[in-house]
Structure formats: C-alpha cells, structure tokens
Amino acid sequence: MGFERFGTVSFVSQTKVAKFVDFLDEGSVMGTKCKSCGAKYFPPRSDCAQCLSSDMEWFEITGPGKLVTYSKLMYAPSGFEKDLPYRICVVEYADGVKVFGRISSQIPDKELAIGMDLVAVPVKLSGDKVSYEFRRP
Ligand SMILES: [Zn+2]
C-alpha cells in the first residue's frame, strides 16, 4: 500500500513518504517538518531541501488557511477527464505553508473568493483511492 492509492494529484510519485496515504485513511492531511531547522513541507518530503537533514517529523495541516489563488480546469491529465471541470488552488496557512489541492465541488464558483478560509479534508475516491480536497471550515 502506498502512493499508487493517492487519487488526484500527480506529484506523489516524486516522494517516498508513503505514510501520507495512511494518514489520509485515518482522517488527517499531513506534511513534514524538519527537526533540524524547522522548515515545513507539503507535499511531504523525507529530506529537508533547506539544510539537507533527513531528520523529519510529521505535522497535521489544520488551519483554516486562506485561498491564495485558484484555477478552473477544463482539460485534465489522463485519468482525470471524467472529473472535469474542477478547480485547483493554493491555500496558505498561518505558518507560511502553502498547500496545493482541489476545491470541493460543494462550493459553487460564484462563492469562491481570494482570501476566504478553507480547510483540507481527506476524501475517499472510487477504486479504494484516497485524496483530500478543500472545503469551508
Ligand atoms: Zn532542515
């Protein structure tokens, strides 16, 4: 069991941090934090890009964060066509962590506003996949 079960974002093949998926199953969206210098990463990394330490710990992405930018996709990578159209976004948290993700279809386009509060929520997808999406707090 690992990242092949993570549904909607393609960055995950780049990381070795498969426990991320286990945390989603348990209901938490997690990033990693460097124990040496305190740098925070999302998506999670197993090595710190700042100080090159491998001494990392998990922290939960709680929030809410603020919507920084978003975009509506009318074209998707292979495998995501049936989800179209959907909105992707970047949400920034108080500690400066920026999280990329998808906006819940529960929020209509006209209610999206830069600066609004959003929370990352784990979601179950078809085919035993898991992911997360942004919803209202
Ligand atoms: Zn570090």
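Tell me which of these residue 106 doesn't satisfy, since it passes every other one: (1) surrounded by fewer than 12 Cβ atoms within 10 Å (Cβ to Cβ); (2) within 16 Å of the ligand (Cβ to nearest atom); (3) under 24 Å from residue 129 (Cα atoms).
Evaluating residue 106 over (1) surrounded by fewer than 12 Cβ atoms within 10 Å (Cβ to Cβ); (2) within 16 Å of the ligand (Cβ to nearest atom); (3) under 24 Å from residue 129 (Cα atoms) leaves (2) as the failure.
Being loosely packed, with under 11 Cβ neighbours inside 10 Å and free of Cβ contacts under 8 Å to residues at least 40 places away in the same chain is the requirement here; does residue 76 meet it? Before you say what the answer is, go through the steps one by one.
Values: loosely packed, with under 11 Cβ neighbours inside 10 Å: no; free of Cβ contacts under 8 Å to residues at least 40 places away in the same chain: yes.
When the stated conditions are applied, residue 76 does not pass them.
Output the number of residues of the range 47-88 satisfying the condition of being at pLDDT 95 or above and hydrophobic (A, V, I, L, M, F, W, C).
Qualifying residue count for the region: 3.
Residues are listed down the side, and each one gets a yes or a no for (1) closer than 19 Å to residue 100 by Cβ; (2) more than 13 Å from the ligand (Cβ to nearest atom); (3) free of Cβ contacts under 8 Å to residues at least 60 places away in the same chain:
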position	(1), (2), (3)
25	no, yes, no
29	yes, yes, no
35	no, no, yes
41	yes, no, yes
47	no, no, yes
52	no, no, yes
60	yes, yes, yes
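Of the conditions (1) on the phi < 0 side of the Ramachandran plot; (2) in a loop (DSSP other than H, G, I, E, B); (3) touching a residue at least 12 places away in the same chain (Cβ under 8 Å), residue 115 satisfies every one except a single condition; which number is it?
All conditions are met except number (1).
In this structure, is residue 40 modelled with pLDDT of 80 or more, under 20 Å from residue 134 (Cβ atoms) and touching a Phe, Trp or Tyr at 6+ places or on another chain (Cβ under 9 Å)?
yes
I need the full set of residues from the range 44-96 which are over 17 Å from the mean Cα position of the chain (by Cα) and small (Gly, Ala, Ser), in order please.
49, 53, 54, 76, 78, 79
Among the residues of the range 10-22, is there at least one that is away from the ligand (no atom under 16 Å from the Cβ), under 21 Å from residue 105 (Cβ atoms), modelled with pLDDT of 90 or more and loosely packed, with under 14 Cβ neighbours inside 10 Å?
No, the range 10-22 has no match at all.
The values are calculated or read from the model by the stated rules, or taken from the named source; none is laboratory data. Since the model is a prediction, treat every value here as computed from it, not as a measurement. Heads up, the Cβs are rebuilt from the backbone with ideal geometry, glycines too, and the neighbour counts pull from every protein chain shown.
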